[in-house]
Amino acid sequence: MTDVTRQDLKTEQPINWCPGCGNFGILRALQDALVDLKLPREKYLVVTGIGCHGKLFNYINTNGFHGIHGRVLPFATGAKLANHDLIVLGFAGDGDQYDEGIGHFPHAARRNIDVKLFTHSNKVYGLTTGQTAPTSPQGYKSKTSPRGSIPMPINPLVLALASNASFVARGFVGDVKHLKELSKAAIQHKGFALVDILQVCITFNRTQTWKFYRDRVYKLEEEKHDPTDLKQAIERSQETGDRIPIGIFYQKERPVYRASLPQLREQALVREPIQPKGLDTLLREFT
Ligand SMILES: Cc1ncc(C[n+]2csc(CCOP(=O)(O)OP(=O)(O)O)c2C)c(N)n1
Ligand SMILES: [Mg+2]
């Protein structure tokens, strides 16, 4: 146990998210969760994608990897398999994860790769100035869909549940305390964990505003939801409209992917001795 303070987790980078951006709530919840968990900050690896959310990499003083667009899960998976002593936390945009990176999502979930994925669902492509995202509701107007978005949106929670994810939750940036608790539960969960976060983009999304969510969000734990019941979880995750649930929809532990890999059972791959002799023999076979 180590006492990590919020100050330890800060960096000297000036934060250049728009004033009022929901990303501040995600950063704060993460800092508070890491302080509460009392683990050395070197234990964590934060992997981010490309977008406004990706700047979080600059603002949190842990190990970090600012990847490329849509590839949070491949980097996070590789890092976890190479060094399973790290707690690997992925932060992806909703465009990043559910458009460019969508192919990686069901596979990480079904394999039960032990990474925690936090998605910044602002329902818009923020950094590139407000195009329609795969999570934008039908009819959503933006410069790329001036007459309203035609397709149905992706529902990240349903997708995760259908992919056998072992932990599925939704948070809201307007309730940082609750988001902190969800973040801690995800980090402590053994296996793949999704925390999809309702994040407000005050500059480009004028529909899903702070008020929009405040008027609709309610907590599952206050309505006797049973997070071990998959059927209930699927039903709740399909609720939209006037009532939007947040909290843990589903949690059921099952063996993580690496537990079935004999070469990773003993110790982390990075701690295995490198045997250049064996490598020489192998290389000679190709000469
Ligand atoms: C392969 C690739 N395609 C497109 C881009 C351009 N691009 C940069 S950020 C971004 C959208 C980011 O939106 P989102 O992932 O929702 O993150 P947000 O900015 O909303 O946090 C796009 C399309 C890119 N950098 N790389
Ligand atoms: Mg976005």
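A short reminder: the numbers here are calculations on the coordinates, not readings from a lab. Worth saying up front: this structure is predicted, and the values here are computed from it rather than measured. In this analysis, Cβ positions are derived from the backbone assuming ideal geometry, glycine residues included, and neighbour counts consider all displayed protein chains.
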Legend entry - Estimated dipole of the chain in Debye, rounded to 20 [Cβ of Lys and Arg +1, of Asp and Glu -1, Cα centre]: 320
Inset, instruction - Let me know the volume per residue of the alpha-carbon convex hull for region 185-256, in Å³. - result: 110
Inset, instruction - Could you go through region 205-214 in sequence order and give the Karplus-derived ³J(HN,Hα) for each residue, using 6.51 cos²θ - 1.76 cosθ + 1.60 with θ = phi - 60°, rounded to whole Hz, and x for Gly and Pro? - result: 10, 9, 9, 8, 8, 4, 5, 3, 6, 4
Legend entry - Cα-projected label distance for Gln13 with Thr228, points at 7 Å along beta-carbon direction, nm: 4.2
Legend entry - Reachable aspartates and glutamates, given that their alpha-carbon falls under 18 Å from the alpha-carbon of Lys38 and they are not under 8 places away in the same chain: Asp3, Asp8, Asp85, Glu181
Legend entry - With Cα atoms, 0 to 90° folded angle of helix 276-285 axis to the chain main axis: 90
Inset, instruction - Choose one of Leu30, Thr77, Thr240: the residue whose Cα lies farthest towards the positive end of the charge dipole of the chain (beta-carbon charges +1 Lys, Arg; -1 Asp, Glu; about the Cα centre). - result: Thr240
Inset, instruction - Report the antiparallel proportion of the DSSP beta bridges in the chain as a percent, rounded to a multiple of 5. - result: 20
Legend entry - Rounded FRET efficiency, nearest 0.05, which uses the C-beta distance separating Asn164 from Lys43 and R0 of 30 Å: 0.65
Inset, instruction - Please work out the Cα center distance from region 8-60 to region 98-121, rounded to the nearest Å. - result: 19
Inset, instruction - Measure nothing but the geometry: give the 0 to 90° angle between the long axis through the Cα atoms of 176-188 and the longest principal axis through the Cα atoms of the chain, rounded to 10°. - result: 30
Legend entry - Rg over Rh, two decimals, region 6-256 (C-alpha only, Kirkwood Rh): 0.93
Legend entry - Percent breakdown of C-alpha pair distances by 5 Å bin, ordered from the shortest bin, for region 1-142: 2, 10, 19, 21, 20, 14, 8, 3, 1, 0
Inset, instruction - Pull up all non-local amide H partners of Gly64: gap of 5 or more, or a different chain, and H-to-H distance under 5 Å with H placed in the peptide plane. - result: Val46
Legend entry - DSSP-assigned coil residues among trypsin sites (Lys or Arg not before Pro) in region 107-156, each with at most 16 further Cβ atoms within 10 Å: Lys141, Lys143, Arg147
Inset, instruction - Count neighbours as other Cβ atoms within 10 Å of each site's Cβ, and list the trypsin sites (Lys or Arg not before Pro) in region 154-197 that are DSSP loop with at most 14 such neighbours. - result: Lys190
Legend entry - Segment Arg243-Gln138, length gained on full extension (0.36 nm per residue, minus Cα span): 36.1 nm
Legend entry - Neighbour-count order for His120, His84, fewest beta carbons within 10 angstrom listed first: His84, His120
Legend entry - Karplus (6.51, -1.76, 1.60) ³J(HN,Hα), θ = phi - 60°, over region 84-90, in Hz, Gly and Pro reported as x: 6, 6, 7, 9, 9, 10, x
Inset, instruction - Give me the lysines in straight-line cross-link reach of Lys224: C-alpha distance below 26 Å, same-chain residues under 8 apart excluded. - result: Lys116, Lys177, Lys180, Lys184, Lys190, Lys211, Lys252
Inset, instruction - Please list, in chain and number order, the residues 5+ apart from Gly90 or on another chain whose amide H is under 5 Å from its amide H, with Hs placed from the backbone. - result: Val47, Lys116, Leu117, Phe118
